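Novice: Would you mind keeping the following structure in view while I ask a few things?
Computed from the coordinates by the stated procedures, all read-outs in this text should not be read as laboratory data. Because the structure is a prediction, the values reported are computed rather than measured. Every residue, glycine as well, gets a Cβ built from its backbone with ideal geometry; the counts of neighbours run over all protein chains shown.
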Amino acid sequence: MAVHLIAKDGGGGRRGRRRGRTKPMSEINVTPFVDVMLVLLIIFMVAAPMLTVGVPVELPRTAAGALPAEQEEPLTVTLTAEGAVLIQTTEIARSELIPRLRAVAAERRGDKVFLRADGAIPYARVAEVMGALNAGGFRNIGLVTESGGPDLDG
């Protein structure tokens, strides 16, 4: 009596591994690429708010809403409680403020500027800087405040 052994490879003789020749894989596995891109997206979403101008200023609180976002990075002028004037993060002497603003205005497309002033600064000093912004070529001045202030609706 002869016994014949037949090897099973799970569904056909051609699907098993062949020795010698391998066929190149024609599919691209995009799963690792998508995973990396999603991780990078999350990192940028978390890091982007931290990239704003980081000068510590105690802004006054108002009930006003936020302005719509701009295409160009907004120019920010800051008045600190100590009386320093900063353009973005660079401290500027008061005598150099208008010439520096004119130079910046010549390089920018828009005339929008955000003014951040500490709540302890007298209004006269804020008005002086607003006049310097106007003389420097910026006609569209937005005052930056914190939300959640008193509502004067009655």
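Novice: Please state which one of ILE87, ILE98 is β-branched (Val, Ile, Thr), surrounded by 11 or more Cβ atoms within 10 Å (Cβ to Cβ) and closer than 25 Å to ARG61 by Cβ.
Specialist: ILE87
Novice: Here is a follow-up. Out of the residues in segment 102-154 that are crowded, with 17+ Cβ neighbours inside 10 Å and in contact with an Asp or Glu (Cβ under 8 Å, 6 or more places away or on another chain), which is farthest from ARG61 (Cα to Cα)?
Specialist: Ranking the qualifying residues of segment 102-154, first place goes to ALA105.
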